[in-house]
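J.: Got a structure for you, written out below as C-alpha cells; questions coming shortly.
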Amino acid sequence: MRRNIGNSGLSVAPIGLGGMPMSIGGRPSEADALRTIHAALDAGMDLIDTADVYCLDDDDIGHNERLIAKALAARSDTAGIVVATKGGLERPGGDWTTNGRPDHLRRACDKSLTALGVAQIQLYQLHAPDDDVPFAESVGALAELRAAGKIAHVGLSNVSVEEIEIARAIVPIVSVQNRCNPFDRSAWDDGVVQHCTANGIAFLPYSPVGGGRGKAKVATDKVLGAVGKRHGVSPFQVTLAWLLAKSPVMLPIPGASKVASAVDSAAAMTLVLTAADLAELDAAFPT
Ligand SMILES: NC(=O)c1ccc[n+]([C@@H]2O[C@H](COP(=O)([O-])OP(=O)(O)OC[C@H]3O[C@@H](n4cnc5c(N)ncnc54)[C@H](OP(=O)(O)O)[C@@H]3O)[C@@H](O)[C@H]2O)c1
C-alpha cells in the first residue's frame, strides 16, 4: 500500500497533502490550517508538499513552511513524515515569477531550512525551469546542496522528459511534480507519466482534483459522480483513486484548507475501484 519516492529509500502513504491552499489568497486562519494538517496526519497522510512561495508575496515567503513546522512541532508522532519543499520561484507583489539562478536557489534553500526548522530537507524540488537560466545550472545548484547535505533528495517540477534526462545526468532525481488531473492529461500527452513509470521516478500529480478553480468540474462531473455513488464516496476520492490506479509511481498531493477536504482525500487511499469503474473512467478521460 505504501509507495516509494523514487529510489530515495523513503516510502509514504499513497495520498499526500498539498499545502498551497493554506497559505495563498483566501487562506484559512492559522488555527484552521493547523487543524487541517493534523487531520491529514490523523487520517494517515505522511507526505506534505510545500514551497517557499506558498504565501501572499515576497514579504511572506516561507508562510506555508512555517505553518507545517508549527503543526509538526505540536506532535510527538512525526518521525516518519516527509516534508517536500521547493525553490526556484518568487512572489514580487503577489505575482509568480521564476528565478532559477544558483545564488537564488542557495539562499532559498537556507531560508527553507530555517522556516521548516530542520537541518536537512528530505525532498527539495526545483519549482520550475527558468527560461533565463540554463536548466543544467539550476539543477547543478541542487546537486551542490545535496552534496553539502542541506537536502537529502532532489525532485523536479513543471518539466519535460528532455529536462528530466538532462537533470538525471547531473544528480539522481527521485520525483517529478507536474499538473495532472482528469481534465488536464498533458502529463500523459508529453510522456512524462510514462517516463517516470518506466524509470521508477515518483510522479506527484499537482492540482489532482482540478486545482482551486477546476475542483468544481470534479465536483459536478457525471462519470466521477456515478462511480462515486456506487462506492458511496465523493467524486474527489474517485479522481484520486483513478490517478493511483494509472501507475505505481503516482503520489497525488491534493490540496486542502479544510479538515473535511483532507479527511475525504485521505480516504481515497483505501478506495478500490473495480475493472468496470476503471474502464468507465478511462473511456471518459482517455490518457
Ligand atoms: N509544482 C507546482 O507548480 C504546483 C502548482 C500547484 C499546486 N502544487 C501543489 O499541489 C497541491 C495540490 O494542488 P492544488 O491545491 O492546486 O489543487 P487540488 O489539490 O486539485 O485542489 C485543491 C482544492 O480542492 C479542494 N479539495 C481537495 N480535495 C477535496 C476533497 N476530497 N473534497 C472536497 N474538496 C477537496 C480543496 O478545497 P478546500 O481548500 O476548501 O479544502 C482544495 O483547496 C498544492 O497544494 C501544492 O502543494 C504544485
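J.: Quick one: count up the residues across the range 40-66 that are in a helix (DSSP H, G or I) and within 12 Å of the ligand (Cβ to nearest atom). Explain how you work it out, then say what you get.
T.: Step one: list which residues in the range 40-66 are in a helix (DSSP H, G or I), which gives 40-42, 58-60, 63-66.
In the following step, the residues that additionally are within 12 Å of the ligand (Cβ to nearest atom) were identified as 40, 64-65.
Total satisfying the criteria: 3.
J.: Identify all residues within the range 241-261 that are touching a Gly at 6+ places or on another chain (Cβ under 9 Å) and among the aliphatic types (A, V, I, L, M); write none if there are none.
T.: The answer is VAL249, LEU251, ILE253, ALA256.
J.: What number of residues within the range 91-123 satisfy the criterion of being touching a helix residue (DSSP H, G or I) at 6+ places or on another chain (Cβ under 6 Å) and farther than 30 Å from SER11 by Cβ?
T.: Of the residues in that region, 3 qualify.
J.: On to the next question. Is the range 262-274 home to any residue that is surrounded by 20 or more Cβ atoms within 10 Å (Cβ to Cβ) and within 27 Å of VAL139 (Cβ to Cβ)?
T.: no
J.: Now for a different question. Taking the residues in the range 195-221 that are touching a residue at least 60 places away in the same chain (Cβ under 8 Å) and over 19 Å from VAL238 (Cα atoms) as candidates, determine which candidate is nearest to the chain's Cα centre (by Cα).
T.: ALA202
J.: With respect to ARG179, is the statement that it is modelled with pLDDT under 95 and within 12 Å of the ligand (Cβ to nearest atom) true? Even if it seems obvious, please write down each step before you answer.
T.: On the way: modelled with pLDDT under 95: no; within 12 Å of the ligand (Cβ to nearest atom): yes.
No, not satisfied.
J.: Tally time: how many residues in the range 6-39 are polar (S, T, N, Q), closer than 19 Å to TYR206 by Cα and part of a loop (DSSP other than H, G, I, E, B)?
T.: Our first condition is that a residue be polar (S, T, N, Q); within the range 6-39, this holds for 7-8, 11, 23, 29, 36.
From what's left, closer than 19 Å to TYR206 by Cα: 11, 23, 36.
So of that shortlist, the ones also part of a loop (DSSP other than H, G, I, E, B) come out as 23.
The total comes to 1.
J.: Here's another thing I want to ask about it. Consider only pairs whose beta carbons are under 6 Å apart and that are at least six residues apart or on different chains; among these, list those whose first residue lies in the range 166-194 and is at negative phi and whose second residue is assigned to a strand (DSSP E or B) and surrounded by fewer than 23 Cβ atoms within 10 Å (Cβ to Cβ).
T.: Listed by first residue and then by second, the contacts come to GLN177/SER157; GLN177/TYR206; ARG179/TYR206.
J.: If you don't mind, another one. With assigned to a helix (DSSP H, G or I), of a type outside the set (Phe, Trp, Tyr), within 11 Å of the ligand (Cβ to nearest atom) and over 30 Å from GLU162 (Cα atoms) as the only criterion, which of ALA267, ALA226, ALA279 stands out?
T.: Values: ALA226 fails: within 11 Å of the ligand (Cβ to nearest atom); ALA279 fails: within 11 Å of the ligand (Cβ to nearest atom).
Answer to the check: ALA267.
J.: In addition: Among the residues of the range 245-260, write down those that are within 16 Å of the ligand (Cβ to nearest atom), in contact (Cβ under 8 Å) with a residue 40 or more places away in the chain and either farther than 13 Å from ASN181 by Cβ or assigned to a loop (DSSP other than H, G, I, E, B) (or both).
T.: Step one: of the range 245-260, the residues within 16 Å of the ligand (Cβ to nearest atom) are 246, 250-260.
Retained after the next criterion (residues that are in contact (Cβ under 8 Å) with a residue 40 or more places away in the chain): 246, 250-259.
Answer for the range 245-260, where residues must be within 16 Å of the ligand (Cβ to nearest atom), in contact (Cβ under 8 Å) with a residue 40 or more places away in the chain and either farther than 13 Å from ASN181 by Cβ or assigned to a loop (DSSP other than H, G, I, E, B) (or both): LEU251, PRO252, ILE253, PRO254, ALA256, SER257, LYS258, VAL259.
J.: Can you tell me which residue in the range 96-115 is nearest to ILE81 (Cα to Cα), limited to those that are crowded, with 16+ Cβ neighbours inside 10 Å and basic (Lys, Arg)?
T.: In the first step, residues of the range 96-115 are kept if they are crowded, with 16+ Cβ neighbours inside 10 Å; the result is 98-102, 104-106, 108-109, 112-113, 115.
Filter again for basic (Lys, Arg), leaving 101, 106.
Numbers: ARG101: 30, ARG106: 24 Å.
Here the answer is ARG106.
The values are calculated or read from the model by the stated rules, or taken from the named source; none is laboratory data. The structure presented is a predicted model; accordingly, all values stated were derived computationally and were not measured. For neighbour counting, all protein chains shown are included, and Cβ atoms are generated from backbone atoms with ideal geometry for every residue, glycine included.
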